[in-house]
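Just below is one structure, and these are the notes that go with it.
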Amino acid sequence: GAVVSQHPSWVICKSGTSVKIECRSLDFQATTMFWYRQFPKQSLMLMATSNEGSKATYEQGVEKDKFLINHASLTLSTLTVTSAHPEDSSFYICSGRESNQPQHFGDGTRLSIL
Amino acid sequence: QKEVEQDPGPLSVPEGAIVSLNCTYSNSAFQYFMWYRQYSRKGPELLMYTYSSGNKEDGRFTAQVDKSSKYISLFIRDSQPSDSATYLCAMSVTAGTYKYIFGTGTRLKVLA
(Lines give C-alpha, C1' and ligand atoms only; values in the text may rest on other atoms or scores of the structure.)
Protein backbone atom coordinates (compact mmCIF):
# COMPACT_ATOMS: atom_id res chain seq x y z
CA GLY A 1 0.00 0.00 0.00
CA ALA A 2 0.84 3.74 0.09
CA VAL A 3 1.98 4.10 -3.50
CA VAL A 4 2.84 7.47 -5.00
CA SER A 5 3.17 7.72 -8.75
CA GLN A 6 5.14 10.55 -10.32
CA HIS A 7 5.28 11.45 -13.99
CA PRO A 8 7.22 12.00 -16.10
CA SER A 9 10.28 10.20 -14.78
CA TRP A 10 12.61 12.14 -17.09
CA VAL A 11 12.09 15.23 -19.16
CA ILE A 12 14.43 17.22 -21.37
CA CYS A 13 13.34 20.57 -22.68
CA LYS A 14 14.64 23.83 -24.04
CA SER A 15 15.37 26.84 -21.90
CA GLY A 16 12.36 29.11 -21.51
CA THR A 17 9.71 26.41 -21.67
CA SER A 18 7.43 25.37 -18.83
CA VAL A 19 7.34 21.84 -17.50
CA LYS A 20 4.59 20.18 -15.49
CA ILE A 21 5.22 17.25 -13.15
CA GLU A 22 2.36 15.18 -11.77
CA CYS A 23 2.23 13.41 -8.44
CA ARG A 24 -0.58 10.98 -7.68
CA SER A 25 -1.37 8.95 -4.58
CA LEU A 26 -2.74 5.68 -5.96
CA ASP A 27 -4.15 3.92 -2.90
CA PHE A 28 -4.56 6.56 -0.24
CA GLN A 29 -5.85 10.08 0.13
CA ALA A 30 -2.95 12.48 0.42
CA THR A 31 -4.22 15.26 2.63
CA THR A 32 -0.78 16.83 2.35
CA MET A 33 1.70 16.61 -0.48
CA PHE A 34 5.29 17.79 -0.53
CA TRP A 35 7.73 18.74 -3.24
CA TYR A 36 11.44 18.25 -2.82
CA ARG A 37 14.50 18.94 -4.87
CA GLN A 38 17.59 16.78 -4.65
CA PHE A 39 21.06 17.54 -5.96
CA PRO A 40 23.55 14.72 -6.69
CA LYS A 41 24.77 12.98 -3.54
CA GLN A 42 22.82 15.37 -1.34
CA SER A 43 19.78 14.97 0.82
CA LEU A 44 16.27 16.15 0.06
CA MET A 45 15.53 19.86 0.13
CA LEU A 46 11.89 20.70 0.86
CA MET A 47 10.52 23.21 -1.63
CA ALA A 48 6.89 23.48 -0.65
CA THR A 49 3.99 21.85 1.14
CA SER A 50 0.46 21.74 -0.16
CA ASN A 51 -2.80 20.77 1.47
CA GLU A 52 -5.71 19.78 -0.73
CA GLY A 53 -7.69 22.81 -1.79
CA SER A 54 -5.30 25.31 -0.23
CA LYS A 55 -2.45 27.41 -1.51
CA ALA A 56 0.98 25.87 -1.16
CA THR A 57 3.39 26.97 1.54
CA TYR A 58 6.82 27.61 0.11
CA GLU A 59 10.12 27.29 1.92
CA GLN A 60 12.34 30.30 2.26
CA GLY A 61 14.25 31.00 -0.92
CA VAL A 62 11.89 29.07 -3.22
CA GLU A 63 10.29 31.30 -5.85
CA LYS A 64 6.56 30.69 -5.83
CA ASP A 65 6.15 32.29 -9.25
CA LYS A 66 8.70 29.95 -10.77
CA PHE A 67 7.50 26.77 -9.07
CA LEU A 68 3.72 26.67 -9.29
CA ILE A 69 2.05 24.03 -7.17
CA ASN A 70 -1.53 22.89 -7.44
CA HIS A 71 -3.20 20.35 -5.15
CA ALA A 72 -6.70 20.23 -6.54
CA SER A 73 -7.70 16.82 -5.20
CA LEU A 74 -6.74 14.36 -2.49
CA THR A 75 -4.88 12.24 -5.02
CA LEU A 76 -3.19 14.72 -7.33
CA SER A 77 -0.66 17.50 -7.00
CA THR A 78 1.25 19.17 -9.81
CA LEU A 79 4.46 21.16 -9.90
CA THR A 80 4.98 23.45 -12.88
CA VAL A 81 8.43 24.86 -13.45
CA THR A 82 7.79 28.03 -15.40
CA SER A 83 10.26 29.50 -17.87
CA ALA A 84 12.78 26.85 -16.95
CA HIS A 85 16.49 27.57 -17.23
CA PRO A 86 19.54 25.29 -16.98
CA GLU A 87 19.95 26.10 -13.28
CA ASP A 88 16.52 24.53 -12.69
CA SER A 89 17.87 21.18 -13.85
CA SER A 90 17.58 18.80 -10.93
CA PHE A 91 15.84 15.74 -9.51
CA TYR A 92 12.37 16.65 -8.24
CA ILE A 93 10.57 14.30 -5.87
CA CYS A 94 7.05 14.48 -4.48
CA SER A 95 5.61 12.78 -1.43
CA GLY A 96 2.17 12.37 0.04
CA ARG A 97 0.89 11.88 3.53
CA GLU A 98 -2.52 10.77 4.77
CA SER A 99 -3.55 12.29 8.11
CA ASN A 100 -0.81 11.51 10.64
CA GLN A 101 0.85 8.76 8.65
CA PRO A 102 4.45 9.00 7.40
CA GLN A 103 5.32 10.45 4.02
CA HIS A 104 5.51 8.17 1.00
CA PHE A 105 7.58 9.26 -1.96
CA GLY A 106 7.27 9.07 -5.72
CA ASP A 107 10.16 7.88 -7.86
CA GLY A 108 11.20 11.38 -8.84
CA THR A 109 11.48 13.35 -12.06
CA ARG A 110 14.83 14.08 -13.63
CA LEU A 111 14.57 17.49 -15.27
CA SER A 112 17.20 18.57 -17.77
CA ILE A 113 17.01 22.04 -19.28
CA LEU A 114 19.12 22.62 -22.36
CA GLN B 1 25.73 22.21 14.14
CA LYS B 2 23.19 20.48 11.91
CA GLU B 3 19.93 19.45 13.47
CA VAL B 4 20.47 15.87 12.25
CA GLU B 5 23.89 14.34 11.68
CA GLN B 6 24.49 11.25 9.56
CA ASP B 7 27.75 9.82 8.31
CA PRO B 8 27.65 9.97 4.49
CA GLY B 9 29.84 6.89 4.06
CA PRO B 10 30.32 5.05 1.80
CA LEU B 11 30.06 2.02 4.04
CA SER B 12 31.22 -1.20 2.41
CA VAL B 13 30.41 -4.57 3.97
CA PRO B 14 30.56 -8.18 2.76
CA GLU B 15 27.36 -10.02 1.95
CA GLY B 16 25.78 -11.53 5.05
CA ALA B 17 27.20 -8.94 7.45
CA ILE B 18 25.16 -7.05 10.01
CA VAL B 19 24.99 -3.39 9.07
CA SER B 20 24.57 -0.60 11.58
CA LEU B 21 23.47 2.83 10.36
CA ASN B 22 23.14 5.74 12.73
CA CYS B 23 21.91 9.29 13.13
CA THR B 24 22.30 11.76 15.94
CA TYR B 25 20.15 14.79 16.50
CA SER B 26 20.04 17.88 18.64
CA ASN B 27 16.34 18.69 18.96
CA SER B 28 14.92 16.86 21.96
CA ALA B 29 11.40 17.60 20.71
CA PHE B 30 11.66 15.01 17.92
CA GLN B 31 9.31 12.13 18.62
CA TYR B 32 8.82 10.43 15.25
CA PHE B 33 11.71 8.74 13.51
CA MET B 34 11.82 7.29 10.02
CA TRP B 35 14.30 5.38 7.93
CA TYR B 36 14.12 5.53 4.15
CA ARG B 37 16.08 3.61 1.54
CA GLN B 38 16.87 5.35 -1.72
CA TYR B 39 18.26 3.59 -4.77
CA SER B 40 20.08 5.63 -7.38
CA ARG B 41 17.70 7.80 -9.43
CA LYS B 42 14.68 6.66 -7.44
CA GLY B 43 12.58 8.18 -4.70
CA PRO B 44 13.03 7.22 -1.03
CA GLU B 45 11.19 4.13 0.16
CA LEU B 46 9.90 3.99 3.73
CA LEU B 47 11.55 1.18 5.70
CA MET B 48 10.76 1.92 9.32
CA TYR B 49 8.56 4.35 11.23
CA THR B 50 8.89 4.57 15.00
CA TYR B 51 7.52 6.71 17.77
CA SER B 52 9.57 7.75 20.82
CA SER B 53 12.17 5.43 22.31
CA GLY B 54 12.47 1.70 21.85
CA ASN B 55 13.00 -0.95 19.22
CA LYS B 56 10.98 -1.99 16.21
CA GLU B 57 11.68 -5.01 14.05
CA ASP B 58 10.50 -5.79 10.52
CA GLY B 59 12.07 -8.77 8.82
CA ARG B 60 15.82 -8.18 8.51
CA PHE B 61 15.50 -4.59 9.70
CA THR B 62 15.55 -3.31 13.28
CA ALA B 63 15.16 0.33 14.23
CA GLN B 64 16.31 1.59 17.60
CA VAL B 65 15.62 4.96 19.17
CA ASP B 66 17.44 6.24 22.24
CA LYS B 67 15.95 9.61 23.03
CA SER B 68 18.11 10.09 26.12
CA SER B 69 21.20 10.01 23.90
CA LYS B 70 19.47 11.60 20.88
CA TYR B 71 20.62 8.66 18.79
CA ILE B 72 18.82 6.40 16.37
CA SER B 73 20.02 3.29 14.58
CA LEU B 74 18.96 1.00 11.79
CA PHE B 75 20.33 -2.54 11.78
CA ILE B 76 20.23 -4.74 8.70
CA ARG B 77 20.80 -8.45 9.29
CA ASP B 78 22.10 -10.84 6.64
CA SER B 79 22.83 -7.97 4.29
CA GLN B 80 22.42 -8.59 0.57
CA PRO B 81 23.87 -6.84 -2.50
CA SER B 82 20.33 -5.62 -3.17
CA ASP B 83 20.56 -3.62 0.07
CA SER B 84 23.17 -1.39 -1.59
CA ALA B 85 21.56 2.03 -1.55
CA THR B 86 21.54 5.31 0.35
CA TYR B 87 19.79 5.21 3.71
CA LEU B 88 18.19 8.40 4.97
CA CYS B 89 17.02 9.04 8.49
CA ALA B 90 14.22 11.54 9.02
CA MET B 91 12.62 13.02 12.11
CA SER B 92 9.67 15.14 13.07
CA VAL B 93 8.26 16.72 16.18
CA THR B 94 4.72 15.49 15.73
CA ALA B 95 2.97 13.02 13.47
CA GLY B 96 0.99 15.82 11.94
CA THR B 97 3.81 18.27 11.36
CA TYR B 98 4.54 18.75 7.72
CA LYS B 99 8.30 19.08 7.99
CA TYR B 100 10.68 16.21 8.17
CA ILE B 101 14.28 16.92 9.04
CA PHE B 102 16.46 14.58 7.00
CA GLY B 103 19.96 13.35 7.52
CA THR B 104 22.33 13.62 4.60
CA GLY B 105 22.09 9.87 3.96
CA THR B 106 24.61 7.03 4.28
CA ARG B 107 25.68 5.23 1.12
CA LEU B 108 25.88 1.48 1.74
CA LYS B 109 27.60 -1.02 -0.51
CA VAL B 110 27.12 -4.72 0.15
CA LEU B 111 29.77 -6.70 -1.67
CA ALA B 112 28.91 -10.13 -3.10
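The values are calculated or read from the model by the stated rules, or taken from the named source; none is laboratory data. Fair warning: this is a prediction, and the values are worked out from it, not measured in the lab. Don't worry about glycine lacking a Cβ; one is built from the backbone with ideal geometry, like all the others, and counts go over all protein chains shown. Heavy atoms of the whole protein, side chains included, go into the accessibility calculation; ligands, DNA and RNA do not. Shrake-Rupley method; radii C 1.70, N 1.55, O 1.52, S 1.80 Å.
Compute the length gained on full extension between B:Leu111 and B:Arg41: take 0.36 nm times their separation in residues and subtract their Cα-Cα distance, giving the result in nm to one decimal.
Details: separation 70, 0.36 × 70 = 25.20 nm, distance 2.04 nm.
Going from the current span to full extension adds 23.2 nm.
Determine the relative contact order of chain B: mean sequence separation of Cα pairs under 8 Å and six or more apart, normalised by residue count, in whole percent.
37 percent
Please work out the FRET efficiency for the pair A:Lys20 and B:Ala17, using the Cβ-Cβ distance as r and a Förster radius of 45 Å; give the result to the nearest 0.05. Each step should come with its number before you reach the end.
Values: r = 44 Å, r/R0 = 0.98.
After rounding, the FRET efficiency stands at 0.50.
In whole Å, what is the distance between the alpha-carbon centres of the stretch B:1-61 and the stretch A:86-112?
About 19 Å separates the Cα centre of the stretch B:1-61 from the one of the stretch A:86-112.
Could you run the numbers on buried accessible area between B and A, total for both chains, 1.4 angstrom probe, in Å² to the nearest 100?
Values: alone 6180 and 6390 Å², together 10870 Å².
Roughly 1700 Å².
Given Cβ point charges of +1 (Lys, Arg) and -1 (Asp, Glu) and nothing else, what value in debye, to the nearest 20, does the dipole of chain B about its Cα centre take?
240 debye
Starting from the stretch A:10-114, pick out the trypsin sites (Lys or Arg not before Pro) whose DSSP state is loop and whose Cβ has at most 10 other Cβ atoms within 10 Å. Let's see the in-between values first.
Working: sites: A:Lys14, A:Lys20, A:Arg24, A:Arg37, A:Lys41, A:Lys55, A:Lys64, A:Lys66, A:Arg97, A:Arg110; in loops: A:Lys14, A:Lys41, A:Lys55, A:Lys64, A:Lys66.
Those satisfying the criteria are A:Lys14, A:Lys41.
In sequence order, what are the phi-derived ³J(HN,Hα) couplings for the stretch B:8-14 according to the Karplus relation 6.51 cos²θ - 1.76 cosθ + 1.60 with θ = phi - 60°, rounded to whole Hz, with x for glycine and proline?
x, x, x, 10, 10, 9, x
My understanding is that a pair violates if its Cα-Cα distance is over 25 Å; which of A:Lys41/B:Lys99; A:Lys55/B:Lys99; B:Lys42/B:Lys109; B:Lys42/B:Lys99; A:Lys55/B:Lys67; A:Lys20/B:Lys42 do that in this structure?
Values: A:Lys41/B:Lys99 21 Å; A:Lys55/B:Lys99 17 Å; B:Lys42/B:Lys109 17 Å; B:Lys42/B:Lys99 21 Å; A:Lys55/B:Lys67 35 Å; A:Lys20/B:Lys42 19 Å.
Violating the 25 Å Cα-Cα cut-off are A:Lys55/B:Lys67.
Under the definition of Cα pairs under 8 Å and six or more residues apart, what whole-number percent is the relative contact order of the stretch A:1-107?
The value is 36 percent.
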